[in-house]
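> Just dropping this structure here.
The values are calculated or read from the model by the stated rules, or taken from the named source; none is laboratory data. Being a predicted model, the structure only gives us computed values, none of them experimental. All Cβ positions, glycine included, derive from the backbone under ideal geometry; neighbour counts span all protein chains shown.
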Amino acid sequence: MNSFDITNSIFGLTTDVATPYTQNYKLNSWPPGDDFPIVIDRNGKVVSRFSDSVWKLWPWCDKTLILNFLDEPHRNRPASISKENGNILRLVAVWLIYGPDPVRCAASLVRKITSIKGLFRIASREKILITELSKYPKVIETCAKELPSRYGASSIYLLHNLHHDSVSVGFTIMDEMAIRKFSSLIPSFLDSQTAYIPPRIWDYQATRLEEFISDFLAHKHLLKECFNFCLNAYIEYYGSIEAACTSGKRGTRISSPFSPKNQPNKWICRSIFKSCHAVWRRRTAEKVGNS
C-alpha cells in the first residue's frame with residue numbers, strides 16, 4: 001500500500017483559476033469539510049462546495065459541465081445513490097483532484113467518476129455501503145454484469161489505484177481479491193488482457209525506484225561534478241556556451257571536445273582525457289579507502 005499525505009496536497013488540474021492564492025489550492029484536511037470550496041471562478045466566487053450534490057465545473061473548462069453525484073433529486077429525477085455512498089463518491093472525486101496521480105482536466109474527472117458511478121448505484125440499491133462491497137461477491141457479480149462494457153478498463157484501473165492508496169484515503173471500494181473477481185467477470189475483458197496490475201508488480205517498481213533514488217542521492221555530487229566538467233570542456237572547446245549550443249545549426253558540422261579526431265584541438269582533448277583519468281584515479285582511491 002502507498003502512503004500519500006493527501007492532507008497537505010495541492011490542486012492538480014491544469015487551470016489558471018486555481019493558484020496558490022485561491023482557497024481551493026490546498027486541502028488542509030482529510031476528509032475536507034462540507035463547506036470546502038471545490039470550484040472557484042476567476043473572480044474568486046465559490047461556485048461549488050464539497051458537500052454539494054452537483055459540482056459546477058465550468059470555471060475549469062470555460063464550458064457548461066457538471067459532476068452529479070446522484071445523491072439528491074435533480075431535474076425531476078430521484079436520487080439513485082444514497083447520501084452515505086454519495087459522500088464516498090465525492091471523496092473519490094477529491095482524491096482524483098488532489099491525489100498522487102491527479103486528473104489534468106475537468107472532462108477527465110467526469111469520465112473517471114462516471115466509470116464507477118454504476119457501482120455506487122448498485123450498492124445503494126442493495127442497501128450496501130460502497131466501502132463494504134468486497135464482502136458481497138454476489139453484488140460484485142451484479143456490478144460486472146450491469147456495468148457498461150465501455151467502462152470496464154477505466155473502472156478497474158481506478159479501483160486498483162484507489163485500493164493502492166487506501167492507507168491515505170482511509171477506505172477502499174474493492175480489495176485485491178474483489179478486483180480480480182470483478183475484472184474476470186466483465187464481458188469485455190474475457191478475451192483481452194485486464195488493466196489490473198498485481199500489487200507485487202507495483203511493489204517491485206516502487207522498490208526499484210527507491211533504489212534508483214537512493215543511488216542517485218548517494219552520488220549526486222559526482223554527477224554534478226561530471227556535468228560541470230563536461231560543460232566546461234565544451235566552453236573551452238568552442239570558446240563560449242552560446243557557440244557550443246549552436247553547433248550543428250546553419251549547416252555547420254557537430255563536433256565534440258571528447259573526440260581525439262579533432263586535429264586542431266588535440267591539446268584540449270589530451271587535457272580532458274588527462275583530467276578524466278585523474279578524477280577516475282581519485283574516486284577509485286576514495287572507494288578503496290572507504291571499503
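> Is it the case that some residue within region 75-85 is under 23 Å from Asn24 (Cβ atoms), assigned to a helix (DSSP H, G or I) and touching a Phe, Trp or Tyr at 6+ places or on another chain (Cβ under 8 Å)?
Scanning region 75-85, I find no residue that is under 23 Å from Asn24 (Cβ atoms), assigned to a helix (DSSP H, G or I) and touching a Phe, Trp or Tyr at 6+ places or on another chain (Cβ under 8 Å), so the answer is no.
> It is to be established whether one or more residues within region 98-118 are in contact (Cβ under 8 Å) with a residue 12 or more places away in the chain, in contact with a helix residue (DSSP H, G or I) (Cβ under 6 Å, 6 or more places away or on another chain) and surrounded by fewer than 17 Cβ atoms within 10 Å (Cβ to Cβ).
Among the residues of region 98-118, not one is in contact (Cβ under 8 Å) with a residue 12 or more places away in the chain, in contact with a helix residue (DSSP H, G or I) (Cβ under 6 Å, 6 or more places away or on another chain) and surrounded by fewer than 17 Cβ atoms within 10 Å (Cβ to Cβ), which makes the answer no.
> Can I ask one more? Hey, among the residues in region 76-102 that are farther than 21 Å from His164 by Cβ and hydrophobic (A, V, I, L, M, F, W, C), which one's nearest to the chain's Cα centre (by Cα)?
Ile81
> Residues to consider are Thr64, Thr15, Thr19; find the one that is more than 20 Å from the chain's Cα centre (by Cα), farther than 20 Å from Ser166 by Cβ and of a type in the set (Ser, Thr, Tyr). Reasoning before the result, please.
Working: Thr15 fails: more than 20 Å from the chain's Cα centre (by Cα); Thr19 fails: more than 20 Å from the chain's Cα centre (by Cα).
Exactly one of Thr64, Thr15, Thr19 is more than 20 Å from the chain's Cα centre (by Cα), farther than 20 Å from Ser166 by Cβ and of a type in the set (Ser, Thr, Tyr), namely Thr64.
> Quick check: anything in region 122-140 more than 24 Å from Lys26 (Cβ to Cβ), of a type in the set (D, E, K, R), more than 26 Å from the chain's Cα centre (by Cα) and surrounded by 17 or more Cβ atoms within 10 Å (Cβ to Cβ)?
The answer is no; no qualifying residue exists.
> Test each condition in (1) of a type outside the set (Gly, Ala, Ser); (2) outside the structural domain of Val103 (by TED's automatic domain parsing); (3) modelled with pLDDT of 90 or more for Phe182 and report the one that comes out false.
Answer for Phe182: the failing condition is (2).
> Before we move on, is Ile197 in a loop (DSSP other than H, G, I, E, B), modelled with pLDDT of 60 or more and under 30 Å from Ala178 (Cβ atoms)?
Values: in a loop (DSSP other than H, G, I, E, B): yes; modelled with pLDDT of 60 or more: yes; under 30 Å from Ala178 (Cβ atoms): yes.
Yes; evaluated as a whole, the condition is true for this residue.
> Ok, one more. With the condition kept exactly as written, say whether any residue in region 23-31 is within 19 Å of the chain's Cα centre (by Cα) and outside any loop (DSSP other than H, G, I, E, B).
Yes, region 23-31 contains at least one residue that is within 19 Å of the chain's Cα centre (by Cα) and outside any loop (DSSP other than H, G, I, E, B).
> Moving to a separate point now. Being modelled with pLDDT of 95 or more and aromatic (Phe, Trp, Tyr) is the filter here; which residues of region 127-151 pass it?
Residue satisfying the conditions is Tyr136 alone.
> Could you list, ordered by first residue, the pairs with Cβ atoms under 7 Å in which the first is in region 207-236 and modelled with pLDDT of 85 or more and the second is of a type outside the set (A, V, I, L, M), at least 6 apart or interchain?
Qualifying pairs under 7 Å: none.
> Further question: Checking Ser124 against (1) at pLDDT 95 or above; (2) within 18 Å of Ile186 (Cα to Cα); (3) among the small types (Gly, Ala, Ser), which single condition isn't satisfied?
Failed condition: (2).
> Here's something else I'd like to know. Just one of Asp34, Asp71, Asp16 is in a loop (DSSP other than H, G, I, E, B), more than 26 Å from Leu159 (Cα to Cα) and either in the same structural domain as Leu133 (by TED's automatic domain parsing) or touching a helix residue (DSSP H, G or I) at 6+ places or on another chain (Cβ under 8 Å) (or both); which is it?
Details: Asp34 fails: more than 26 Å from Leu159 (Cα to Cα); Asp71 fails: more than 26 Å from Leu159 (Cα to Cα).
One residue alone meets the criteria, Asp16.
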